[in-house]
Amino acid sequence: MRREAPVRFDERRETWDVFRYEDVNRVLKDHDAFTANRSLEDGESSGNREEGMPMLQTMITTDPPEQIRLREFVNERFQPGSIREYQPRVKELTKDLLDDLEDEEQFDFADEFAAPLPVIVIAELLGIPADRRDQFKEWSDALVARPADDTQAEMQRVQQERHQAQQEMGGYFAKLLAERQGGADDDLITLAANTEGLSRGEKIGFCMLLLLAGNITTTNLLTNAIWSLEEQELTDAVRTGEINHNQAIEEVLRYRSPIQSLKRIAVADVELNGRHIQAGDVVTLWLGAANRDSETFDSPEEFRPERKPNRHIAFGTGVHFCLGAHLARMEADVALKQLLDRFERLDADLSDIRPLSGLYGLESLPCEVSGNASPAK
Ligand code: HEM
């Protein structure tokens, strides 16, 4: 598609598809011509909106200057300096999770490690009491659940559960936000509660966005990392430090980007690579394809952790560049290091790979481990 139809209109899905790195970058950076506001998208083609469900306005679905107002109060907390301060706590949380797996010789890496870790970390940053974390995980799973099949009954069931989770979680955040008004703790709910210029709905939307944006994506990064390293037989090279694990993580982000596509809507008529996009048209930007564009990456179909520079756009670019990018990288770094320190041997079973639908990741990744005598520091 990059070569033959780099910008094409798909009649069935009623969207333009953009595949080349340069074009995807251009659209993401041009927020004047392409809005992130999905409420401008009509009817069917919206994968993010449901009937009867009001869309909470958050930074991810607004454009500057609104988007800046909704983001700037929290920006500092996700900069590298702050993320370094969280690192010791993330190490502890990771260690606790590995301790729970201590006696196991086999476990599902996706389900028992990669899924809970990001939820625990974001719950901690938000300041969710530990005894509510299971409930929190249930809500977050329900919010991102997809129907198991395309029958009406199944779609309705998923939609109802999602709606209920959204209501319950919204109510729960509203209560915590009210309780923490005037408080001095340094968690993110307290920060939002005491930020002026944000409505109650915007504060609730912010809390929900943080939970949703960072969980499955980071889970998939961790799962895709073990999947890729095992597939390429590079796990031991990362364990010994022969391969730098930060670079390995960057290559996983490029090669198996957890988010494969983003959407924008044209607000003006625009020429893109010789095609005429009209105001109101939906544009799907294929990050996954851009990250394998041979104009930008040498041998893009090869997994090469030594790749440097690695200018992937797995975290997007422009004003919406992922708020949690440094956090996700730090979590992946801590997780990979501690996991490989803890288990002398880790074998993933790649014989029955079942991809998730919608996001790039795996439903499960059974692993066999041994030599877990040396607890991670
Ligand atoms: C590997 C993990 C992650 C990936 C691949 C990822 C990817 C992305 C991408 C592609 C965007 C751009 C969306 C757009 O332009 O429409 C984005 C935005 C965002 N991400 Fe992440 N993300 C990850 C982890 C996280 C984490 C851990 C958090 C938690 C704080 C987070 C919070 C956000 C937020 C709040 C935005 C919206 C930023 C804005 O609109 O200004 N992400 N992410």
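The values are calculated or read from the model by the stated rules, or taken from the named source; none is laboratory data. Given the structure is predicted, the values throughout are model-derived calculations rather than measurements. In this analysis, Cβ positions are derived from the backbone assuming ideal geometry, glycine residues included, and neighbour counts consider all displayed protein chains. Note: accessible area is taken over every heavy atom of the protein model, side chains too, but ligands, DNA and RNA are not part of it. Shrake-Rupley method; radii C 1.70, N 1.55, O 1.52, S 1.80 Å.
Got a sec? Which strands (runs of 3 or more DSSP E) wholly within the range 227-338 have at least 2 residues that are away from the ligand (no atom under 11 Å from the Cβ), over 22 Å from the mean Cα position of the chain (by Cα) and not β-branched (V, I, T)?
Working: elements: 261-266, 270-272, 275-277, 282-286.
Of the strands (runs of 3 or more DSSP E) lying wholly inside the range 227-338, those with at least 2 residues that are away from the ligand (no atom under 11 Å from the Cβ), over 22 Å from the mean Cα position of the chain (by Cα) and not β-branched (V, I, T) span 270-272, 275-277.
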(request) Mind listing whichever residues of the range 14-45 are at pLDDT below 95 and open to solvent by 20 Å² or more (accessible area, probe 1.4 Å)? (result) N37, R38, S39, L40, D42, G43, E44, S45
(request) Tell me which residues, restricted to the range 323-345, are more than 19 Å from K91 (Cβ to Cβ) and either open to solvent by less than 30 Å² (accessible area, probe 1.4 Å) or free of Cβ contacts under 8 Å to residues at least 24 places away in the same chain (or both). (result) L323, A325
(message) Among the residues in the range 357-373, are any open to solvent by 30 Å² or more (accessible area, probe 1.4 Å), within 16 Å of the ligand (Cβ to nearest atom) and not in a loop (DSSP other than H, G, I, E, B)?
(response) no
(request) For the range 157-170, indicate whether the set of residues that are within 21 Å of L365 (Cβ to Cβ) and in contact (Cβ under 8 Å) with a residue 60 or more places away in the chain is non-empty. (result) no
(request) Residues being open to solvent by less than 70 Å² (accessible area, probe 1.4 Å) and closer than 20 Å to L209 by Cβ: count how many of those fall in the range 164-193. (result) 19
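Among the residues that make up the range 268-277, is at least one of them touching a strand residue (DSSP E or B) at 6+ places or on another chain (Cβ under 6 Å) and open to solvent by 40 Å² or more (accessible area, probe 1.4 Å)? Walk me through how you get there before you give the answer.
Quick first cut of the range 268-277, residues touching a strand residue (DSSP E or B) at 6+ places or on another chain (Cβ under 6 Å) only: 270, 272-273, 275, 277.
Those left that are additionally open to solvent by 40 Å² or more (accessible area, probe 1.4 Å): 273, 275.
Scanning the range 268-277, I find at least one residue that is touching a strand residue (DSSP E or B) at 6+ places or on another chain (Cβ under 6 Å) and open to solvent by 40 Å² or more (accessible area, probe 1.4 Å), so the answer is yes.
Yes or no, residue by residue, for (1) under 30 Å from R180 (Cα atoms); (2) within 15 Å of the ligand (Cβ to nearest atom); (3) modelled with pLDDT of 90 or more; (4) not in a helix (DSSP H, G or I):
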position	(1), (2), (3), (4)
Q135	yes, no, no, no
D141	yes, no, no, no
D149	no, no, no, yes
Q156	no, no, yes, no
